[in-house]
1. In Å, the Kirkwood hydrodynamic radius of the stretch 1-156 over pairs of distinct alpha carbons?
2. For the Cα atoms of the chain, what angle does the longest principal axis make with the long axis of helix 36-58, in degrees from 0 to 90, nearest 10?
3. With an 8 Å Cα cut-off and a minimum separation of 6 or more residues, compute the relative contact order for the chain in percent.
4. Project the alpha carbons of the stretch 2-72 onto their principal axes and report the range along each, largest first, in whole Å.
5. Which whole-number percentage describes the relative contact order of the stretch 141-196, with Cα contacts under 8 Å and a sequence gap of 6 or more?
6. Give me the log10 of I(q) over I(0) for the chain at q = 0.08, 0.10 Å⁻¹, as the Debye formula computes it from C-alpha points; what are the numbers?
7. Among 161, 261, 350, which comes first, second and so on when ranked by fewest other beta-carbon atoms within 10 Å?
8. Counting other beta carbons within 10 Å of each Cβ, put 226, 390 in order, fewest first.
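Any read-out appearing in this document is the output of simple, stated calculations on the displayed coordinates, not a laboratory observation. Predicted model only: the values in this text are computed from it and were never measured. FYI the Cβ positions are ideal-geometry reconstructions off the backbone, even for glycines, and counts take in every protein chain you see.
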């Protein structure tokens, strides 16, 4: 018993020391960023949480992101007595519906929210404070979508879940007191990617209402260039560095994270070339006397398309992951758009470049830029000691935009 009591403080001291070292050796705090000391403290705690989760995962005690998900979800928020909250399913996709308790003589606006978290964490629970605030301040109905997460469920399952829930809500909006002509799609981070992709997909549908607007908060919108100016300027800025973001993106799509993994799995060669080379790389051509040392087994190549680096890069460059690359004919049909960017965010320029594309194609765009902000505007909103001043300004700008529609 005494040995266990002595072991526990030593383990956490070691974990803290590692987090401290990792933070100061890999992180830069640019001048002008909001509350830098607070960021450092929370980043160190985040590194400890992530590292602890990895240790427990490798010990087989929990899933890879279990501890991080618990931290992000946080304690249940105190429910606002002015907001009605109900859990439901839209065609088997879990959702949480937020409505003002005061009846309205008219149909209200409806806001579909796709949460952030890189497709690997984040949840309905994590965004409850955000949804309740928007409902209270905007007098709208908000539906938060609980899509499945990677790496347990890989792309495109998240997009499919959100698309399914969106189509259901658009067909049945009036059942929830919502005007079908006043539905707003909104998303934070990877939720912004999903929002932009679904908005583009809906331009091809004639059987569903056209969204009134889309709201993109710190969105990832292209996978062709990971060295834009914002990536270079904010490469080492917490909480989402360039490396952290790329690891999360690849986990969202495939479990193979490095070029070495692809080479060992023999998925770095396109299928057509592999067949051509096989006649030269056949083990039958090796002299029999050399084969006698051990048994040779034909390597079994993965049949999962996302395990092939060429298929993977094709998907990353496609419009579902990279909506910024859509054709002008699609962009021109998009609804009014609100884009929120943060100065110290690796994804800042994705939002700015999409803003330019939309404007060039005649789409009305409203833009909010948080000069002291970093990635995670909505995820950090109203979380006691996790809260940052720029988050409040960001969500208030969203509320003002929704009210203006």
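1. Working: mean 1/r = 0.0537 Å⁻¹.
After inverting the pairwise mean of 1/r, the radius is 18.6 Å.
2. 50 degrees
3. It rounds to 17 percent for the chain.
4. Between the extreme Cα coordinates on each principal axis of the stretch 2-72 lie 46, 27, 18 Å.
5. Values: 27 pairs, mean separation 14.8, N = 56.
The normalised contact order for the stretch 141-196 reaches 26 percent.
6. Values, matching the q order: -0.48, -0.72.
7. 261, 161, 350
8. On the way: 226 14, 390 22.
Ordered by Cβ neighbours within 10 Å, fewest first: 226, 390.
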